[in-house]
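Notes to accompany the following structure.
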Amino acid sequence: MTTRRHALKGVAAATGLTAMGLPLTSWSQAGDLVVAAAPPITGVFAFAGVGLNMGLNDYCEWRNEARGGIAGRRIRYISEDSAYKMDQAMAVFKKLMAAHRPPVFYGDSTAWAKAAAVEVSQLGTTLTCSPSFASDLADPEKVPYYFMAGPTYASMCYILLEYINSQAKGGNKPTVALVYSDTEFGRDPIEAAKARAKQLGLNVVQEIITKPGSVDVSAEVARLRRARPDYVIFHGYVLAPIPEFIRQMREAGMTGTQFMGTIWSMDKSTAEAMGPAGEGWMGVMPYRYSHDVKDAPTMVTMNQFAQKRRPEIKYVSTFYTHGWLVGSIFAEVIERVLKANRPLTGPNMKAALEGLSDWDSGGISGLPINLKGHQIATGRIYRFDANAKLFEPASGWIRTS
Amino acid sequence: MRIGDFKASYAHDESLLTTPVQRSWMLGFALLVILFPWLGANYLTYLACLTGIHVIAAMGLNIVTGYAGQISLGHAAFMGVGCYTVAFLAKMGVPFYLCLPAGGLASALIGVLVGIPSLRIKGLYLAVATLAAQFILMFVFREWDGFTGGVRGVNLPPAELAGWVMDTDPEIYYVIMACAFVMLLGARNLFRTYIGRSFIAIRDKDISAEVLGIDLFRSKLLAFALGSFYAGVAGGLMGYFYRAITPEHFTLTLSIFYLAAIIVGGLGTVLGTILGAAFMALVPEVLRGIVSLITVWAPDAMALLSPMREMVFGALIICFLIFEPHGLVEMWRRVRRFFHLWPFKT
């Protein structure tokens with residue numbers, strides 16, 4: 001009877017608060033803290049989604065084992081596959097939100113993030129993140145409860161252009177070509193990249209749009225050969241048609257041109273899959289690679305836990321690292337709110353997130369993390385060494401404005 | 001045991017629900033639909049909304065393909081036309097009850113244009129022509145920034161009726177269900193009219209239909225217009241439902257999804273449309289629920305079981321096509337026939 005009465009009181013209070021327009025807190029105010037996710041374990045993004053899911057799951061397990069959860073409360077990680085389909089991701093989101101009202105939620109795509117943002121803003125209970133680095137999602141005003149654990153695609157291009165600019169010899173600035181897929185993902189940073197290139201005095205000599213996963217790129221390669229850029233930046237692809245571009249251009253004798261990519265084409269597995277074209281492949285990565293553990297205690301901890309928890313994994317991917325970092329940001333935000341004795345509401349978590357200034361990620365990023373703009377606008381240029389089958393740093397850490 | 005229906009008037013003969021049993025079932029179903037947001041969790045309401053939108057869109061495709069025999073692979077793009085029209089009008093402050101028909105009309109107009117080749121070509125050739133329409137419209141969605149928001153998409157304000165802002169799933173649920181009811185009723189009645197029957201005649205043998213005096217060109221274009229109208233309204237509802245729309249919502253995959261829905265459900269039937277759309281929308285959810293249950297005991301099994309789920313879903317569709325080519329509606333009819341004579345053998 002007491003339980004029933006309490007439940008009725010709770011329902012009445014919740015109804016009253018909602019009616020007054022006050023935001024409800026997440027249901028995990030007491031007891032376990034739920035970290036919910038709809039990662040793309042199957043579908044076209046599964047190459048990354050499996051690692052993302054493992055990383056986030058393992059961070060929660062590690063946190064429970066090593067630090068007893070967050071502020072004495074254990075973390076419960078709940079995830080269901082989104083298959084990289086927006087309607088399914090929203091279904092998982094609705095299901096887990098209804099069942100657990102988690103304080104934090106990790107989704108699967110830009111489309112999900114935009115659709116969920118509407119509901120998350122209304123609820124005001126949950127902080128969200130996803131693998132999307134779409135530039136218009138890093139907007140604390142319009143998308144207040146979303147952050148990205150890395151730079152936006154535009155910021156990634158800025159980092160690449162900063163690096164290219166730093167390679168200028170004498171008065172000659174290098175020339176750049178932009179090759180991108182005809183998708184939202186591919187087009188996202190292009191205007192911003194062209195504007196920044198202009199600011200830096202870099203000449204964008206060619207701009208090519210292709211279908212994602214194109215096979216025949218000989219016409220596009222011919223255009224690049226005529227333009228003879230010093231650097232070609234690919235964006236909006238994971239693998240194809242990048243290797244074909246590189247192969248055909250090298251066969252045409254353009255050995256001096258440097259090919260560069262952004263985050264999703266920069267994992268070790270992707271570079272290996274490029275075959276001979278992968279030699280010298282460069283790009284921007286916001287995290288350290290898992291073999292790069294110098295001055296990075298968190299990378300050591302993460303590797304050790306992954307080894308213990310998943311002995312079948314030979315190399316910890318950047319996707320896993322991304323999941324781990326997302327988990328640690330979630331935990332840090334929740335911990336700050338709880339330590340301040342404040343309820344886990346969206347506004348409180350947003351304030352805590354934006355308070356993460358000069359936060360030490362333990363070496364996952366080489367620079368202190370600042371999430372005031374809801375993105376981590378730092379990264380580093382890496383180059384793939386096909387003999388060692390590893391990415392090695394080609395620059396220091398770069399922070400963009 | 002019921003052995004027959006005695007119809008004493010033309011009105012009774014023409015009614016959609018002819019027996020007290022049918023009327024009781026329909027009343028029960030209507031009550032369930034009305035009370036559903038209170039009975040189910042938010043997640044179930046979300047699924048019901050999604051299914052309602054799929055039912056309307058699939059009904060449109062069934063009019064074009066199932067009833068009129070004109071294959072269309074551009075149905076998702078027609079939804080997109082409706083959705084972007086609704087978004088454009090909604091942002092200008094036009095109320096939702098005007099936006100939705102306007103979205104349907106805009107889509108119908110495009111549907112008529114796409115349907116023009118249907119007089120000269122049919123079968124696979126028409127499929128390719130409509131496929132081209134899908135790609136052309138997708139290109140327009142991505143490029144026409146001023147109207148569609150380009151690749152970044154658009155946000156819609158919530159539907160509003162006399163100060164009542166429908167910004168939650170249970171609220172928009174009633175709009176979706178009301179639209180689904182009206183449009184399914186319209187479709188059901190359409191095929192009792194000259195127009196609907198002319199569609200069926202064209203599907204069965206277009207030359208014979210023409211000999212009978214049916215204007216092929218007009219009827220085929222009308223089928224495309226009606227089918228696209230349904231798609232446009234469904235697209236508009238999708239816009240109000242998600243309130244954040246990008247071109248990625250209206251890809252060829254969605255067109256094929258609807259084609260699969262009407263084939264699995266049963267071509268040329270209203271009930272088959274409902275069953276097919278519900279099957280395609282809900283079975284993946286049921287399978288994912290099963291995977292989630294299993295992962296409670298074996299947390300690491302998700303990576304293995306999730307791909308299996310897709311395979312099981314695909315296998316289920318193939319099995320339906322092999323063992324029941326007339327779709328779920330035929331299975332339903334068999335169940336009904338069984339109970340007509342129950343407990344006696346059929």
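The values are calculated or read from the model by the stated rules, or taken from the named source; none is laboratory data. For clarity, every value in this text was computed on a predicted model and none was experimentally measured. Quick reminder, even Gly has a Cβ in these numbers, built from the backbone with ideal geometry, and neighbours come from all protein chains shown.
Listed here are the helices (runs of 4 or more DSSP H) enclosed by the range A:264-353 that have at least 1 residues being touching a Cys at 6+ places or on another chain (Cβ under 6 Å): A:318-339. Of all the listed residues (B:201, B:209, B:234), the sole one being among the aliphatic types (A, V, I, L, M) and buried (at least 24 other Cβ atoms within 10 Å of the Cβ) is B:234.
If you filter the range A:214-241 down to residues that are among the hydrophobic types (A, V, I, L, M, F, W, C) and within 20 Å of residue A:172 (Cα to Cα), you find that the one that is surrounded by the most Cβ atoms within 10 Å (Cβ to Cβ) is A:233.
For the range B:30-45, a tally of residues being in a helix (DSSP H, G or I) and farther than 17 Å from residue B:179 by Cβ returns 8.
Restricting A:337, A:293, A:326 to residues that are farther than 21 Å from residue A:153 by Cβ and either in contact (Cβ under 8 Å) with a residue 40 or more places away in the chain or under 22 Å from the mean Cα position of the chain (by Cα) (or both) narrows the list to A:293. Note on the range A:321-373: residues that are among the acidic types (Asp, Glu) and more than 22 Å from residue A:297 (Cβ to Cβ) total 1. Cβ-Cβ contacts under 7 Å between residues 6 or more apart (or on different chains), taken from a first residue in the range A:108-120 that is at the interface with chain B (Cβ under 8 Å from one of its Cβ atoms) to a second residue that is assigned to a helix (DSSP H, G or I) and acidic (Asp, Glu), are listed as A:110/A:184; A:111/B:248.
Within the range A:186-209, being in contact with a helix residue (DSSP H, G or I) (Cβ under 7 Å, 6 or more places away or on another chain) and within 14 Å of another protein chain (Cβ to nearest Cβ) holds for A:187, A:188, A:189, A:192. Between B:292, B:219, B:208, B:255, the distinction of being part of a helix (DSSP H, G or I), without any contact (Cβ under 8 Å) to a residue 12 or more places away in the chain, of a type in the set (Ser, Thr, Tyr) and away from every other protein chain (no Cβ under 12 Å) belongs to B:208 only.
Could you please let me know if residue A:136 is touching a strand residue (DSSP E or B) at 6+ places or on another chain (Cβ under 9 Å), within 13 Å of chain B (Cβ to nearest Cβ) and at negative phi? Judged against the criteria, residue A:136 is not a match.
Step by step: first the residues of the range A:84-120, then only those that are under 19 Å from the mean Cα position of the chain (by Cα) and among the basic types (Lys, Arg), then the one that is modelled with the lowest pLDDT. Which residue is that? Across the range A:84-120, the extreme among qualifying residues is A:85. Here residue A:80 meets each of (1) over 30 Å from residue B:41 (Cβ atoms); (2) modelled with pLDDT under 90; (3) of a type in the set (D, E, K, R) with one exception, condition (1). Just to be sure, is residue A:146 modelled with pLDDT of 95 or more and within 26 Å of residue A:394 (Cβ to Cβ)? Against the criterion (modelled with pLDDT of 95 or more and within 26 Å of residue A:394 (Cβ to Cβ)), residue A:146 does not qualify. Within the range B:117-139, the residues that satisfy the criterion of being surrounded by 17 or more Cβ atoms within 10 Å (Cβ to Cβ) and not in a loop (DSSP other than H, G, I, E, B) are B:117, B:118, B:126, B:127, B:129, B:130, B:131, B:133, B:134, B:137, B:138. Sub-8 Å Cβ pairs linking a first residue in the range A:386-401 that is in the same structural domain as residue A:196 (by TED's automatic domain parsing) and within 14 Å of residue A:282 (Cα to Cα) to a second residue that is assigned to a strand (DSSP E or B) and among the aliphatic types (A, V, I, L, M), at least 6 apart or interchain, are A:391/A:285; A:393/A:381; A:394/A:282; A:394/A:381; A:395/A:381, ordered by first then second residue.
Residue A:191 fulfils the conditions (1) in a helix (DSSP H, G or I); (2) acidic (Asp, Glu); (3) touching a residue at least 12 places away in the same chain (Cβ under 8 Å) except for a single criterion, (3). Screening A:133, A:105 for residues that are more than 20 Å from residue B:168 (Cα to Cα) and not in a helix (DSSP H, G or I) leaves exactly one candidate, A:133. Filtering B:89, B:50 for residues that are surrounded by 12 or more Cβ atoms within 10 Å (Cβ to Cβ), under 19 Å from residue B:244 (Cβ atoms) and without any contact (Cβ under 8 Å) to a residue 40 or more places away in the chain leaves a single hit, B:89.
Remark: residue B:285 matches the filter, which requires a residue to be within 13 Å of chain A (Cβ to nearest Cβ), buried (at least 16 other Cβ atoms within 10 Å of the Cβ), of a type in the set (D, E, K, R) and under 22 Å from residue A:91 (Cα atoms). If I go through the range B:11-29 residue by residue, how many of them are free of Cβ contacts under 8 Å to residues at least 40 places away in the same chain and part of a loop (DSSP other than H, G, I, E, B)? Within the range B:11-29, residues that are free of Cβ contacts under 8 Å to residues at least 40 places away in the same chain and part of a loop (DSSP other than H, G, I, E, B) number 4.
In the range A:96-107, the residue that is nearest to residue B:247 (Cα to Cα) out of those that are surrounded by fewer than 24 Cβ atoms within 10 Å (Cβ to Cβ) and within 9 Å of chain B (Cβ to nearest Cβ) is A:96. Only one of these is under 24 Å from residue B:234 (Cα atoms) and away from chain A (no Cβ under 14 Å): B:17, B:31, B:44. Name it. Just one listed residue meets the conditions, B:31. Summed over the range B:140-164, the residues that are away from chain A (no Cβ under 14 Å), surrounded by 13 or more Cβ atoms within 10 Å (Cβ to Cβ) and assigned to a helix (DSSP H, G or I) give a count of 1. Exactly one residue out of B:56, B:71, B:110, B:63 is part of a loop (DSSP other than H, G, I, E, B), more than 14 Å from chain A (Cβ to nearest Cβ), in contact (Cβ under 8 Å) with a residue 24 or more places away in the chain and of a type in the set (Val, Ile, Thr): that is B:71.
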